[in-house]
Amino acid sequence: MILDIQKLETGYGKLKVLLGVDLKVGKESVGLFGPNGAGKTTLINTIMGMQRPWSGSVKFDGQEIGGKATHLVARSGIALVPQERELFPGMSVADNLELGAAWVPRAAGIEKRQLDMVVQLFPILKERLKQYVGTMSGGQQRMVAIGRALMANPLLLILDEPSLGLQPSIVAEVFERLALLKKEVAILVTEQNVRESLKAIDRGYVLENGAVALEDSAAGLAKNPHVVSAYLGI
């Protein structure tokens with residue numbers, strides 16, 4: 001198991017946000033769904049070392065990482081694509097991508113291989129390597145953000161709301177790429193657009209009120225009455 005979270009509890013001040021969460025990710029693509037305030041971002045922040053666990057375990061590739069500094073978590077092989085993309089608009093696509101591999105031991109010496117994979121996954125970036133990121137559309141910037149994370153040669157890619165702010169046609173394209181990408185790297189994706197996500201993942205969890213309410217295959221979640229009524233709008 002690449003990521004193994006057991007009985008994880010954490011929160012802010014006296015407010016407990018995660019209430020004993022269990023979650024696993026193997027060599028697959030896993031979705032994490034739930035309403036705003038359910039604890040999805042808190043869970044990601046805890047994995048990445050931006051939030052300390054109160055109790056429980058966060059193991060990555062067999063090693064405990066709960067409470068480790070964020071830069072050590074990243075160097076261990078986890079790459080995060082945050083909601084707001086966090087790119088450098090005054091720098092070129094190529095420069096933003098190169099930064100993804102900088103100071104990451106797993107990426108040393110294989111930068112060209114990773115870049116080839118990125119531009120194969122997102123062909124439009126090959127045409128725009130010299131373009132300033134700030135002049136690109138939101139969808140293209142999302143591709144750059146995903147590509148930058150892949151430059152680190154991660155074992156696990158975490159995406160926090162990748163469809164946020166994108167028009168529907170671009171959302172579909174992003175998830176088509178993620179469906180291809182799961183052959184190369186383990187993926188954990190949090191997403192409000194459950195309908196598109198279910199096309200790209202193998203399994204999923206529904207997080208509600210800080211606890212796992214449901215866990216099933218993508219096909220199982222798509223047929224679950226609660227998911228259908230609460231998240232698919234049917």
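Could you list, in sequence order, all residues of the range 78-121 that are within 16 Å of the chain's Cα centre (by Cα), at pLDDT below 95 and more than 11 Å from Arg148 (Cα to Cα)?
Listed by number, the residues that qualify are Pro82, Gln83, Glu84.
Counting only residues that are open to solvent by 40 Å² or more (accessible area, probe 1.4 Å) and touching a helix residue (DSSP H, G or I) at 6+ places or on another chain (Cβ under 6 Å), which one in the range 203-234 is modelled with the highest pLDDT?
Restricting to residues being open to solvent by 40 Å² or more (accessible area, probe 1.4 Å) and touching a helix residue (DSSP H, G or I) at 6+ places or on another chain (Cβ under 6 Å), the top hit is Tyr231.
Sort out which residues of the range 145-171 are open to solvent by less than 30 Å² (accessible area, probe 1.4 Å), more than 14 Å from Phe122 (Cβ to Cβ) and among the small types (Gly, Ala, Ser), and write them in order of number.
Ala152, Ser163
Can you name the number of the only condition in (1) at pLDDT 95 or above; (2) under 18 Å from Lys199 (Cβ atoms) that Ser169 fails?
(1)
Scan the range 172-199 for residues that are open to solvent by 30 Å² or more (accessible area, probe 1.4 Å) and not aliphatic (A, V, I, L, M) and jot them down.
Glu173, Glu176, Arg177, Lys182, Lys183, Glu184, Gln192, Asn193, Arg195, Glu196, Lys199 - these are the residues of the range 172-199 that are open to solvent by 30 Å² or more (accessible area, probe 1.4 Å) and not aliphatic (A, V, I, L, M).
Residues being surrounded by fewer than 21 Cβ atoms within 10 Å (Cβ to Cβ) and not in a loop (DSSP other than H, G, I, E, B): count how many of those fall in the range 127-140. Step through it out loud before you land on a result.
Of the residues in the range 127-140, the ones surrounded by fewer than 21 Cβ atoms within 10 Å (Cβ to Cβ) are 127-132, 134-140.
Then keep just the ones that are not in a loop (DSSP other than H, G, I, E, B); that gives 127, 132, 134-135, 138-140.
Qualifying residue count, the range 127-140: 7.
Select from the range 117-126 the residues that are open to solvent by 40 Å² or more (accessible area, probe 1.4 Å) and over 17 Å from Lys182 (Cα atoms) and list them in ascending order. Let's see the steps before the verdict.
Of all residues in the range 117-126, those open to solvent by 40 Å² or more (accessible area, probe 1.4 Å) come to 117, 120, 123-124, 126.
Across the range 117-126, the qualifying residues are Pro123, Ile124, Lys126.
Can you tell me which of Arg148, Arg142 is of a type outside the set (Val, Ile, Thr) and touching a Pro at 6+ places or on another chain (Cβ under 9 Å)? Don't jump to the end; show me each part of the working.
Numbers: Arg148 fails: touching a Pro at 6+ places or on another chain (Cβ under 9 Å).
Criteria check complete, one pass: Arg142.
The values are calculated or read from the model by the stated rules, or taken from the named source; none is laboratory data. All figures in this text were calculated on a predicted structure; none of them were measured in a lab. Methodologically, a virtual Cβ is constructed for each residue, glycine included, from the backbone with ideal geometry; neighbour enumeration extends over all protein chains shown. The protein model used for the area step is the full one, side chains on, heavy atoms only, and it has no ligands, DNA or RNA in it. Shrake-Rupley method; radii C 1.70, N 1.55, O 1.52, S 1.80 Å.
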